[in-house]
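Novice: Let me begin by handing over the structure; questions about it come next.
The values are calculated or read from the model by the stated rules, or taken from the named source; none is laboratory data. Note that this is a predicted model, so its numbers are computed, not measured. Note that we place each Cβ from the backbone using ideal geometry, even for glycine, and neighbour counts take in every protein chain shown.
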Amino acid sequence: MKYLVPGLTSLMLFVHLLAAAQGAKPGTGKPAAKVPVHKKAAPAPAPAPAPAGLVVPSWLPAEAPLQPAATILTDVLDTKLDVRFDYKKQYLLGTAILTLRSHFYPQSELVLDAKGFDVQKIELVGEKKNKSLNYNYNRRKLVIALDHPYPRSTPYQVRIVYVAKPNELPQGGSAAITSDKGLYFINPLGTDKNKPRQIWTQGETESSSCWFPTIDKPNQRMTQEISMTVEKQFKTLSNGSLISSHANADGTRTDTWKLSQPHAPYLATMVVGDFAVVNDSWHGKPVDYYVEPQYAGTARAIFGHTPEMLDFFSKKLGVEYPWEKYAQVAVRDYVSGAMENTTATTHGSSIQATKRELLDANYQTGETVIAHELFHHWFGDYVTCESWANLPLNESFADYSEYLWAEYKYGADEASLVQEIKLNNYLEEATAKREPLIRYRYVNREDMFDRHSYDKGGRVLHMLRKYVGDEAFFASLNRYLTQNKQSAVEISKLRTAFEETTGEDLTWFFNQWFMQRGHPELRITHTYANGQVALRVQQVQDTLFQPIYRLPVSVAVWTNGNQPTEHRITVTKADQTFTLPSGQKPTLVKFDSENQLLAQIDEERSQDELVFQFYHARTYQQKAEVLELLQNKTLEMSVSSLLRNALNDKFWNVRRLALDHLRRYRGPEPEGMRKDIQRVATTDRSSRVRAQAITTLATFPDGNYANIYNAALNDSSALVAAAALRVLAKKPEPTTRQQVAAIEYTSGTSLIPAIADYYALNGGLDQYQWFLRRLPDVGENDLYAYFQSFGTLMTHIPPVERDKGIKILEEYARNGSRYDVRLGAYKGLALLMPTNPNLKAVLQNIREKETDDRLKAFYNLM
């Protein structure tokens, strides 16, 4: 599925915490059963009532219904669509011809998903003429009576003429996919001169049936042909290849796209709009980038690694990219991060960037999502999860592709940073909920799109890779893909592929990591005596609701010299001591020396051991751990020297972390340290490091670094300029207003939030129009903060001048396409209530009419 938007992580966590606070009482239960993962993985049982007096952890979810894979009565073999659009009403006018077959048992009726349609005609397609069919329709399910029972040996075709009305559907969505109406008209009448007219679709999870009739389940698979009639100035994009394009007498054009290999209905896509198309290729296959025309010059810089990714992933998996083309398109007002529609990935518009913004781009920005969605074309599109319970078979692999690409393209440190970020994402979410990766019990299928399915799943795959070895890992993935190509699968298929490749029964691994909730919480201590290290490993997690883990892991014992002795141990008990030979007292004993475990680890080490670890670290994570653990020890000379050395580390994020920990530094040689920070702020090759250095300098209240801040406003990097601007917003210099005015209409979007912050604190009526004019340029992920800055600015201007701004905030609070945008606009309005009592009724009405449960919960707490 989608790439989870990083900016929404904290909001997603708050949603989980909020659920507990609102009285969604955690379920109670006994220890999860140790489910054998054989040919069909049994779902974990529902939690049973806990014994009286038992303290139930807050992260244990409430009992949820069983959600098995959909029963297949009928197979959708092929879908042909002929569609045109009513922009004024925001309707799709469609004709669908579905080729179908009874799955096993003869069927005399056909049940299709069709949400909110006007159904005009249903016919059985005949060789000579069509036959009208009777049907019942409740605006969700279309039940068609066939003319006789059809055995599985006899395919048949049904023709349906319909009108899809996506905007008349009940509003729904989730933290990952903020809307579920399937079909979206963007600026349909062209009334917003600052926004392009576009149409696009979003099918996952089961929203394709909002724009065409189908069996909207992931265990269906169909070939596809879509004909779109559009205004001649627009480009179109869909799955597969463009097989025809012809002009019509009325000035429109009809494009027909055909996908010759079958895929799941949720992967179907259409996009219409005024795009520049930049062409690339790989192994003779088209690789195209669709962007707004003003980004045509940077499209290749944004997406240009795609052919290399295609090559890398194809070779690594031993399965060449299996589809006929690969295109990527950036659309406005997108409802998620990105989506792996087969051969035609959709991105939000924030992936587009100017030349200046590209200076700040690194692997952690655009390339993660590009790699993620591309890898889905093997894991998700080519082999698909049979049910949403098995979603990690799609998402954990796409998540892990981010690590694989970083490791290949940028090296071990960048990959180690990915590992750290992903592990922390999961552990943050785990404070509020802990679920099995493969979970057959959930309330809503979109609950599956969380940091478990993504970040935890990717880390589990990394542990599996470390356990079996690289050769076996990728050979197993090749077996999984080739044995299950173009089919829908469950977790047992993955386990079987690994067992057949390695010859080892891996039930233990799949049970504890895929089928049970939680993670190890380890306490590590060691002593040395009589030529031996006694390493004690305690599993201190709640083992009533989580397993005692089997953990194969490496331990490095450092004595003299720069090469440690490696020991491979396997933890199997709640409290276990391992004896490791060592000729002398070690300088450092490092548990999990390869940083492979998905675990919370409390490892006892002295300050001297931590300093030694920093200078002998094998991975970025080991250096980052030291910086974190020693951040409050900066008065010590050895720690101060370590931080100074870290400012010159070869990896940018070590330098950035060191600067973060040097805020308000009061250790030895403070003047020398400040000079080092100033040097980094002006000369470091990484814009992220320079930006952090500016933020760190601002924490020294007695320092005067105005010259550095002022110069940074003109830095080639927008990120650095934004950092300086946020500092100057709180303590402006005499020339700051003039400097900000000079850049307030800069192209690109990354500086706008920082300028908005500055004007929120220092602006007045003169800047009111700036907020109105720049609003169309604000990135979707920045609107939440922008509206609050706008509200703050309006508290500084006369109430009589605020009418237009209030109307804009009210419109977004009621009708914004994303729930976080509506929340930001609501908060902006709330800031004005003390000086505008009439807003109390407006805000109350917004709350009453809000249909999104997440926002209702937010509003109840505010």
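A quick yes/no check of all residues on (1) without any contact (Cβ under 8 Å) to a residue 40 or more places away in the chain; (2) in contact with a helix residue (DSSP H, G or I) (Cβ under 9 Å, 6 or more places away or on another chain):
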{"site": "H283", "(1), (2)": "yes, yes"}
{"site": "E292", "(1), (2)": "no, yes"}
{"site": "G297", "(1), (2)": "no, yes"}
{"site": "I302", "(1), (2)": "no, yes"}
{"site": "H305", "(1), (2)": "no, yes"}
{"site": "L310", "(1), (2)": "no, yes"}
{"site": "W323", "(1), (2)": "no, no"}
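Novice: Looking only at residues in the range 352-408 that are of a type in the set (F, W, Y) and assigned to a helix (DSSP H, G or I), which one is surrounded by the fewest Cβ atoms within 10 Å (Cβ to Cβ)?
Specialist: Looking at residues that are of a type in the set (F, W, Y) and assigned to a helix (DSSP H, G or I), I get Y408.
Novice: Condition first: buried (at least 19 other Cβ atoms within 10 Å of the Cβ) and either acidic (D, E) or more than 16 Å from G667 (Cα to Cα) (or both). Now tell me which residues in the range 623-635 satisfy that.
Specialist: Correct list: K623, A624, E625, V626.
Novice: Right, D853: without any contact (Cβ under 8 Å) to a residue 24 or more places away in the chain and under 24 Å from the mean Cα position of the chain (by Cα) or not?
Specialist: Considered against the rule, which asks whether it is without any contact (Cβ under 8 Å) to a residue 24 or more places away in the chain and under 24 Å from the mean Cα position of the chain (by Cα), D853 comes out as yes.
Novice: Shifting gears a bit: Run down T343, T368 and say which single residue is under 18 Å from the mean Cα position of the chain (by Cα) and touching a residue at least 60 places away in the same chain (Cβ under 8 Å).
Specialist: Going through T343, T368 in turn, the sole match is T368.
Novice: Here is a check on your reading of the model: is G284 out of contact with any strand residue (DSSP E or B) (no Cβ under 9 Å at 6 or more places or on another chain), modelled with pLDDT of 95 or more and either closer than 18 Å to W211 by Cα or assigned by TED's automatic domain parsing to the domain that holds A327 (or both)?
Specialist: So G284 passes the test.
Novice: Continuing with the same structure: For the range 521-537, give me each residue that is in contact (Cβ under 8 Å) with a residue 24 or more places away in the chain, over 17 Å from S593 (Cβ atoms) and either crowded, with 20+ Cβ neighbours inside 10 Å or not charged (D, E, K, R) (or both).
Specialist: Result: Y528, G531, Q532, A534.
Novice: So, one more: Restricting the search to the range 292-313, which residues are under 12 Å from D280 (Cβ atoms) and of a type in the set (S, T, Y)?
Specialist: T306
Novice: With a cut-off of at least 1 residues that are of a type in the set (D, E), name the helices (runs of 4 or more DSSP H) lying wholly within the range 637-707.
Specialist: Working: elements: 637-646, 652-661, 670-683, 687-697.
Where helices (runs of 4 or more DSSP H) fall fully within the range 637-707 and carry at least 1 residues being of a type in the set (D, E), they are 652-661, 670-683.
Novice: Every residue in the range 661-682 that is surrounded by 15 or more Cβ atoms within 10 Å (Cβ to Cβ) and not β-branched (V, I, T), please.
Specialist: Within the range 661-682, H661, L662, R663, Y665, G667, P668, M673, R674, D676, Q678, A681 qualify.
Novice: So, one more: Which is among the aliphatic types (A, V, I, L, M), farther than 24 Å from F578 by Cβ and at pLDDT 95 or above, of L464, L477, L551?
Specialist: The conditions single out L477.
Novice: If you don't mind, there's one more thing I want to ask. If I filter the range 226-238 for residues that are within 27 Å of the chain's Cα centre (by Cα), outside any helix (DSSP H, G or I) and within 30 Å of N362 (Cβ to Cβ), do I get at least one hit?
Specialist: Within the range 226-238, one or more residues are within 27 Å of the chain's Cα centre (by Cα), outside any helix (DSSP H, G or I) and within 30 Å of N362 (Cβ to Cβ).
Novice: Go through the range 294-323 and report how many residues are in a loop (DSSP other than H, G, I, E, B) and closer than 30 Å to K195 by Cβ.
Specialist: Here the count works out to 5.
Novice: Just name the residue that is surrounded by the fewest Cβ atoms within 10 Å (Cβ to Cβ) out of those in the range 260-293 that are of a type outside the set (A, V, I, L, M, F, W, C) and assigned to a helix (DSSP H, G or I).
Specialist: If we take residues in the range 260-293 being of a type outside the set (A, V, I, L, M, F, W, C) and assigned to a helix (DSSP H, G or I), then P293 is surrounded by the fewest Cβ atoms within 10 Å (Cβ to Cβ).
Yes or no, residue by residue, for (1) aromatic (F, W, Y); (2) in contact with a strand residue (DSSP E or B) (Cβ under 8 Å, 6 or more places away or on another chain):
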{"site": "E603", "(1), (2)": "no, yes"}
{"site": "E609", "(1), (2)": "no, yes"}
{"site": "Y615", "(1), (2)": "yes, no"}
{"site": "T619", "(1), (2)": "no, no"}
{"site": "K633", "(1), (2)": "no, no"}
{"site": "V639", "(1), (2)": "no, no"}
{"site": "R644", "(1), (2)": "no, no"}
{"site": "N648", "(1), (2)": "no, no"}
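Novice: A further question on this structure: Pairs, please: C-beta under 6 Å, at least 6 apart or cross-chain, first residue farther than 14 Å from T682 by Cα and in the range 697-717, second among the aliphatic types (A, V, I, L, M)?
Specialist: A698/V727
Novice: Another one. Look through Y784, Y812 and report the one residue that is in contact (Cβ under 8 Å) with a residue 40 or more places away in the chain and either within 28 Å of W200 (Cβ to Cβ) or buried (at least 23 other Cβ atoms within 10 Å of the Cβ) (or both).
Specialist: Of the residues listed, the single one that is in contact (Cβ under 8 Å) with a residue 40 or more places away in the chain and either within 28 Å of W200 (Cβ to Cβ) or buried (at least 23 other Cβ atoms within 10 Å of the Cβ) (or both) is Y784.
Novice: Which of the residues that make up the range 224-262 are more than 20 Å from P286 (Cα to Cα) and either in contact with a helix residue (DSSP H, G or I) (Cβ under 6 Å, 6 or more places away or on another chain) or β-branched (V, I, T) (or both)?
Specialist: Result: T229, V230, T252, T254.
Novice: Just give me the residues in the range 471-500 being touching a Phe, Trp or Tyr at 6+ places or on another chain (Cβ under 6 Å) and over 15 Å from W378 (Cα atoms), in sequence order.
Specialist: Scanning the range 471-500 gives I491, R495, A497.
Novice: Looking at this structure, is R818 closer than 24 Å to A353 by Cα and in contact (Cβ under 8 Å) with a residue 40 or more places away in the chain? Break it down into steps so the answer makes sense when it comes.
Specialist: On the way: closer than 24 Å to A353 by Cα: yes; in contact (Cβ under 8 Å) with a residue 40 or more places away in the chain: yes.
Here the answer is yes, as R818 does meet what is asked.
For every residue, the table says whether it meets (1) at negative phi; (2) within 31 Å of the chain's Cα centre (by Cα); (3) modelled with pLDDT of 95 or more.
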| residue | (1), (2), (3) |
| --- | --- |
| A41 | yes, yes, no |
| A50 | yes, no, no |
| A64 | yes, yes, yes |
| K89 | yes, no, yes |
| L92 | yes, yes, yes |
| E127 | yes, no, no |
| N130 | yes, no, yes |
| L133 | yes, no, yes |
| R140 | yes, yes, yes |
